[in-house]
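*Asks:* Handing you this structure, nothing more for now.
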Amino acid sequence: MKAKTIIIIVITALLTTFLVINNDAVDFDFLIGAPVPVSKLLVIGICVLVGFILGFIVGRPKKTVSSYDTEIEKGYQAPENKSSLSDEDRDYIS
């Protein structure tokens with residue numbers, strides 16, 4: 001197993017243990033209305049899930065498009081012989 005896989009398994013096991021230990025009810029106070037008794041397990045679980053989703057969205061690599069890729073897709077043909085010079089260019093160089 002790779003180290004990354006082992007770390008993910010350990011973190012998942014620790015998180016699961018933490019959630020199971022904290023299963024008592026707490027009063028969750030919304031902005032409007034009276035406090036509602038909600039399980040700590042539910043509150044922490046939802047916060048962790050939202051954190052993972054936001055971290056995935058923010059941390060994923062962006063797609064990079066280069067002009068070279070688009071030219072290949074368009075079927076652009078590069079000049080066959082770039083070293084060929086016109087007579088005027090040869091006169092100027094020499």
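*Asks:* Among the trypsin sites (Lys or Arg not before Pro) within region 20-65, which fall in a DSSP loop and have no more than 16 other Cβ atoms within 10 Å of their own Cβ? If you can, show how the numbers build up before the last one.
*Replies:* Numbers: sites: 40, 62, 63; in loops: 62, 63.
Hits after loop and neighbour filter: 62, 63.
*Asks:* Lys and Arg at +1, Asp and Glu at -1: add these up for the other residues within a Cβ distance under 15 Å of residue 18 and post the number.
*Replies:* Values: positive: 40; negative: 24.
Residues close to residue 18 contribute a combined charge of 0.
*Asks:* Here's a follow-up. Report the gain in length on full extension from residue 19 to residue 86: 0.36 nm times residue separation, minus Cα-Cα distance, nm rounded to one decimal. Walk me through the intermediate numbers first.
*Replies:* Details: separation 67, 0.36 × 67 = 24.12 nm, distance 7.63 nm.
Gain on stretching residue 19 to residue 86: 16.5 nm.
*Asks:* Oh, and also: Collect residues whose amide H, placed 1.01 Å from N in the peptide plane, falls under 5 Å from the amide H of residue 39; neighbours closer than 5 in sequence don't count.
*Replies:* HN-HN under 5 Å from residue 39: 26.
*Asks:* Short version: ³J(HN,Hα) in whole Hz for each residue of region 23-38, in order, from phi by Karplus 6.51 cos²θ - 1.76 cosθ + 1.60 (θ = phi - 60°), x for Gly and Pro, what are they?
*Replies:* 10, 6, 7, 10, 7, 9, 9, 7, 5, 10, x, 7, x, 10, x, 10
*Asks:* Could you run the Karplus curve 6.51 cos²θ - 1.76 cosθ + 1.60 with θ = phi - 60° over region 10-20 and give me ³J(HN,Hα) per residue in whole Hz, x for Gly and Pro?
*Replies:* Running phi through 6.51 cos²θ - 1.76 cosθ + 1.60 with θ = phi - 60° gives 5, 5, 5, 5, 5, 5, 5, 4, 4, 5, 5 Hz.
Every read-out reported here was derived from the displayed coordinates using simple, explicitly stated rules and does not represent laboratory data. Worth saying up front: this structure is predicted, and the values here are computed from it rather than measured. Every residue, glycine among them, receives a Cβ derived from its backbone with ideal geometry; neighbour counts consider all protein chains shown.
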